[in-house]
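A short write-up of the structure that comes next.
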Amino acid sequence: MRLSGFGGRALFSCAAAAVLAACGPPIAPLQSLLTRTGSAVPDLRISNWRGILTQPVFGTYSFRIHVRSSSAGQISGTSRIDYASEWAVMSFTGTASNGTVNYTETGILKQHGGSWCIKSATLEFHREHAVLKGPWTASGCTGGEIRVRRENRATEKILAQPRRRA
């Protein structure tokens, strides 16, 4: 999701392969998934999603979504994008209903290197593969696709617990 190119493609190819392996088997083309799309998005009150974000000219990035709160179909949280040693964390707000998550990043909270796009996305829940998948766009950037899978619920429960002070 860079605005400029990156020269270390060989190093990145290995990282992209590792990210793809962690996300599970490849997903069938969108046309064949339309008939298998789930009718509802899973409970998103507190959830973590991990996968990839693609941008045709610049490659594949590690991408995470953390939903912190949800009420009456409204969601908010953070997203994180990583590319080699560069990364950014963005805040977002959006909606979730009838198998669709619409979200818009509202700004960059933290970053290390890179020039980052503030994205909007429409993600469909595909029950068969247990993924949220769909296109993203951003002003001044070439859009692409996001594909994320929900992380382990036991991990989510640990992350959701208040931290104890020492």
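The values are calculated or read from the model by the stated rules, or taken from the named source; none is laboratory data. Not measured: the values here are computed from a predicted model. Reconstructed Cβ throughout: ideal geometry from the backbone, glycine too, with neighbour counts over all protein chains shown.
When you check residue 62 against the structure, is it touching a helix residue (DSSP H, G or I) at 6+ places or on another chain (Cβ under 7 Å), at pLDDT 50 or above and closer than 21 Å to residue 128 by Cβ, yes or no? Give the steps one after another, and end with the answer.
Numbers: touching a helix residue (DSSP H, G or I) at 6+ places or on another chain (Cβ under 7 Å): yes; at pLDDT 50 or above: yes; closer than 21 Å to residue 128 by Cβ: no.
Here the answer is no, as residue 62 does not meet what is asked.
Hey, among 79, 120, 69, which residue is surrounded by fewer than 16 Cβ atoms within 10 Å (Cβ to Cβ) and small (Gly, Ala, Ser)?
Details: 79 fails: surrounded by fewer than 16 Cβ atoms within 10 Å (Cβ to Cβ); 120 fails: surrounded by fewer than 16 Cβ atoms within 10 Å (Cβ to Cβ).
Answer to the selection: 69.
Given the options 57, 67, name the one that is farther than 17 Å from residue 136 by Cα, in contact (Cβ under 8 Å) with a residue 12 or more places away in the chain and either within 13 Å of the chain's Cα centre (by Cα) or outside any strand (DSSP E or B) (or both). Spell out how you get there, then give the answer.
Working: 57 fails: farther than 17 Å from residue 136 by Cα.
The conditions single out 67.
Just checking: which of the strands (runs of 3 or more DSSP E) contained wholly in the range 105-166 hold 1 or more residues that are touching a strand residue (DSSP E or B) at 6+ places or on another chain (Cβ under 8 Å), modelled with pLDDT of 95 or more and of a type in the set (S, T, N, Q)?
Of the strands (runs of 3 or more DSSP E) lying wholly inside the range 105-166, those with at least 1 residues that are touching a strand residue (DSSP E or B) at 6+ places or on another chain (Cβ under 8 Å), modelled with pLDDT of 95 or more and of a type in the set (S, T, N, Q) span 120-126, 131-137.
In the range 95-114, which residues are of a type outside the set (Asp, Glu) and either farther than 20 Å from residue 130 by Cα or touching a Cys at 6+ places or on another chain (Cβ under 8 Å) (or both)?
Residues of the range 95-114 that are of a type outside the set (Asp, Glu), as a first pass: 95-104, 106-114.
Hits for the range 95-114 are 104, 106, 107, 108, 109, 110, 111, 112, 113, 114.
For residue 97, which of the numbered conditions (1) of a type in the set (Ser, Thr, Tyr); (2) modelled with pLDDT under 95; (3) in contact with a Lys or Arg (Cβ under 9 Å, 6 or more places away or on another chain) fails to hold?
So the condition that residue 97 fails would be (3).
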